[in-house]
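What follows is a set of notes on a single structure, which appears directly below.
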Amino acid sequence: MNYDAFFKTSLETLRASGDYRVFANLERHNGNFPHATSLGQDDPQEVTIWCSNDYLGMGQHPDVLDAMHAAIDSCGAGAGGTRNISGTVHYHVQLEKELADLHDKPAALLFTSGYVSNWAALGTLAARIPDCLVLSDALNHASMIEGIRHSKAERQIWKHNDLVDLEAKLAAQPLDRPKLIAFESVYSMDGDIAPIAEICDLAEKYNAMTYLDEVHAVGLYGPRGGGIAEQEGLMHRVTVIEGTLGKAFGVVGGYVAASAELCDFLRSFASGFIFTTALPPAVAAGATASVRHLKASQEERQAHAERVAEVRARFDALGIPHVQNPGHIIPVIVGDAMKCKFISDILMKDYGIYIQPINYPTVPRGTERLRITPSPVHSSADIDALVAALSDLWTQCELARKPMAAQ
């Protein structure tokens, strides 16, 4: 077999479909984010980022940066290896205590990313609990899907946020069979929110554990940034809460918060924890500072909500179709892969606006979109520029200029 020819043909097919991904070479400006310099062409270009998951701008917050600098000065760069072999850096212990407190759980366990925490936790729990059945929401993130698949446990997919379908699948099982319901709070592509209370009702009725991915909610919702479950007073009813440090908290890493026994079980059996180098001390220190700040401060969350509402209202006034949802993610539906990439390219080239196109397989074909994430650090001038650019391009692309029906 000519391996390179196979790779080339596959990539050419991807390009022809409009689904080939090009990474923007960006240099973020500390103290001036969401502004950055695009270095992907001969002449550097100043751009405004409108698709970052650094939802609150905490990646440049002085508390976070000061904590990271201090940790580097104190401990150096790396953790030295796995926590099992090289020892646990005290910054990891501090961060796990903060995260357990954030979610009102007895314990928390750090992982190197949100992807790894889902893959390792779901894979370990489903594999090692005897005869475990995993019931997974149809729109769960790839990391959850991979973890469940890796476990080799029996799995059933329930229709997205469909309580009737979930209950039918639960009711078909013996009451004493171990069951794990895996779902997200805020879904990253459509921005809709799971009916957490009702899912917990079903879990309690049918003797199931619950595993809630809050990666797009932590820091953003709840009086202390504990996520949708905190906002709705439900954290005590959820078995496992999983989150990330790489989005609203502005750093990197993932974690789970649960009972002391469950966290110790994962610490002892999850290969994704045991056999990987731990987060650098500076990262853990920065994340701890971010979590502590957002537990106490409402300023960032309030400003964030105001910016999201303003952008939505401006889009509605122009008839730019976006998915109506109760969350902070604004999906602007294009519905065509080539047009979606064209709009993204022109926004960058002619308007200095960076929004990555979201195409298949991240979203189904025909729902290609620009995923826009307003933040407290976007100014009114930034919003004016975004709205004007999209209005121009919508006309050029001859796209429907009417609001999308609520989903």
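The values are calculated or read from the model by the stated rules, or taken from the named source; none is laboratory data. None of these values were measured; they are calculated from a predicted model. Note: ideal-geometry Cβ built from the backbone for every residue, glycine included; neighbour counts use all protein chains shown. Surface areas here come from the heavy atoms of the whole protein model, side chains and all, with no ligands, DNA or RNA. Shrake-Rupley method; radii C 1.70, N 1.55, O 1.52, S 1.80 Å.
Per-structure values
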| read-out | value |
| --- | --- |
| Length-normalised contact order for segment 293-407 - Cα pairs under 8 Å, 6+ apart - percent | 36 percent |
| Test item: Cα-centred dipole of segment 35-193, Lys/Arg +1 and Asp/Glu -1 on Cβ, debye | 960 debye |
| Relative contact order, percent, segment 170-241 [alpha-carbon distance under 8 Å, six or more residues apart] | 30 percent |
| Mean Cβ count within 10 Å, highest first, over the residues of peptides 77-83, 22-28, 105-111, 317-323 | 105-111, 317-323, 77-83, 22-28 |
| Amide proton proximity set for Leu135, modelled H, under 5 Å, gap of 5+ | Gln156, Leu180, Ile181, Ala182 |
| Accessible carbon and sulfur surface of the chain relative to its total accessible area, %, 1.4 Å | 55 percent |
| Highest average packing first - 335-344, 294-303, Cβ atoms within 10 Å | 335-344, 294-303 |
| Top of Tyr211, Tyr221, Tyr351 by mean-square fluctuation, Gaussian network on the chain, Cα under 10 Å | Tyr351 |
| Rel. contact order, % - alpha carbon contacts under 8 angstrom, at least six apart, the chain | 21 percent |
| Estimated dipole of the chain in Debye, rounded to 20 [Cβ of Lys and Arg +1, of Asp and Glu -1, Cα centre] | 680 debye |
| Under 5 Å, built H, 5+ apart or other chain: amide partners of Val251 | Gly246 |
| Chain lengthening between Asp73 and Lys8 when straightened (0.36 nm per residue, less Cα-Cα) | 18.8 nm |
| Top of Leu347, Leu262, Leu14 by mean-square fluctuation, Gaussian network on the chain, Cα under 10 Å | Leu14 |
| Calculated FRET efficiency for the pair Leu163/Gln41, C-beta based, R₀ 60 Å, to 0.05 | 0.75 |
| Segment 264-407, accessible area per residue, ligands and nucleic acids excluded (1.4 Å, Å²) | 41 Å² |
| Candidates Thr88, Thr37, Thr395: whichever shows maximal mean-square fluctuation once the chain is modelled as a Gaussian network with Cα springs under 10 Å | Thr395 |
| Charge dipole (segment 182-276, unit charges on Cβ, about Cα centre) - positive-most of Val240, Gly272, Ser188 | Gly272 |
| For Ile372, distant residues with modelled amide H under 5 Å away | Ile330, Val332 |
| Euclidean distance of C-alpha centroids, segment 267-333 and segment 170-186, integer Å | 28 Å |
| Ranked order, Ser271, Ser143 - accessible area, probe 1.4 Å, largest first | Ser271, Ser143 |
| Counting DSSP beta bridges with both ends in the chain, the antiparallel % (nearest 5) | 55 percent |
| Cα gyration tensor shape for segment 186-271, rounded if a/c is under 1.5, else prolate or oblate | oblate |
| Eligible aspartates and glutamates near Lys349 by straight Cα distance, threshold 12 Å, same-chain separation 8 or greater | Asp43, Glu46 |
| Lys, Arg +1 and Asp, Glu -1 on Cβ, resulting dipole of segment 323-390 about Cα centre, debye, nearest 20 | 240 debye |
| Where segment 86-184 is the region considered: accessible area per residue in Å², 1.4 Å probe | 42 Å² |
